[in-house]
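The block underneath contains the structure these notes are about, expressed in structure tokens.
What follows is calculated from the coordinates using simple rules that are stated; it is not laboratory data. Because the structure is predicted, anything quoted here is derived from the model rather than measured. Note that each Cβ is placed from the backbone with ideal geometry, even for glycine, and that neighbours are counted across all protein chains shown.
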Amino acid sequence: MSPARRALLGGAALALAAQYVPSVVALGEWSSIRVLPGGYCRWRGPDRPGVALTFDDGPDPASTPAVLDALGEAGLRATFFCTGAHVDRHGALVADIVGGGHQVETHGYRHAHHLARSPRWIVRDLERAVASLAVVHRRPRWYRPSYGQATGATLLAARALGLSTVLWSTAGREWTTSSHEVVARRVRRGLAPGAIVLLHDSDATGTPGMADVARRALARIAVDLGEMGLAALTLDELVEGEASQRLSG
């Protein structure tokens, strides 16, 4: 049994109780909270002149390349939360993401609701997801759970594996509209120093066409960021402060 699994299962009673802590998916959009004490879950980065654009659910050969092209054309950097099952099938796309100057992190192995899963299932899913990213010789630092369902057991499993859970402070909610202009306006409302923006580069678990809606919104988002004096950074840059050094240099 791995050390991570022993750490989680050793506190099985606590994890079982914590499994039913309500999801905190939208707390970052409802309040100004940045991070839980102890760093168990983050919704925003520090108050710096940058934001993190993040994409969930890929890599997807039907849509991720077009999203990468749009980011390149707009001069934006992003962080991709990749689903392990897709990484195993499309490893070359993960390499393309990294080659484009973007950051790759984990979205779990299977895109499943954690409220319906046991603590044991969650830790096994995360172990497999972490292993999948060996294709780009990277051990992830950040984890975004499926549907943003960060239960207590989710947070414990992530911490046992050395991962920090991250959600978002604003979202395009592109699964609800076919208008990229609507998505851009939604994102703009939440843009502020340290914002973490949720978008998608795959339709695999959502509305058909939503990744293309997100892609088309990027040009407007880039304009809005420029007008507000905010840079699009990787999550590591935003949180660790590398951004402030680069912007002032």
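Here the mean projected area of the convex hull built on the C-alpha positions of region 188-234 is 3.6 nm². In vacuo Debye scattering of region 130-249, one point per C-alpha: log10 I(q)/I(0) at q = 0.18 Å⁻¹? Per q value, in the given order, log10 I(q)/I(0) is -1.12. Residue separation of Asp224 and Ala131 scaled by 0.36 nm, minus their Cα-Cα distance, works out to 29.8 nm of gained length. Less than 5 angstrom separates the built amide H of Ala171 from those of Leu198, all sequence-distant by 5 or more or on a different chain. Site pair Arg138 and Leu36 shows an inter-label distance of 2.4 nm when each label is modelled 7 Å from Cα along Cα→Cβ. Exposure proxy for Arg89, Arg159: other Cβ atoms within 10 Å of each Cβ, ordered fewest to most, give Arg89, Arg159. Dividing the summed helix terms, -39500 (n - 2.57) for each DSSP H run of n ≥ 4, by the number of residues in the chain produces a 222 nm estimate of -12500 deg cm²/dmol to the nearest 500. Quotient of the Cα radius of gyration of region 3-248 and 2.2 N^0.38 Å, N being its number of residues: 0.95. With R₀ set to 22 Å, the beta-carbon distance separating Glu240 from Ala192 gives a calculated FRET efficiency near 0.70.
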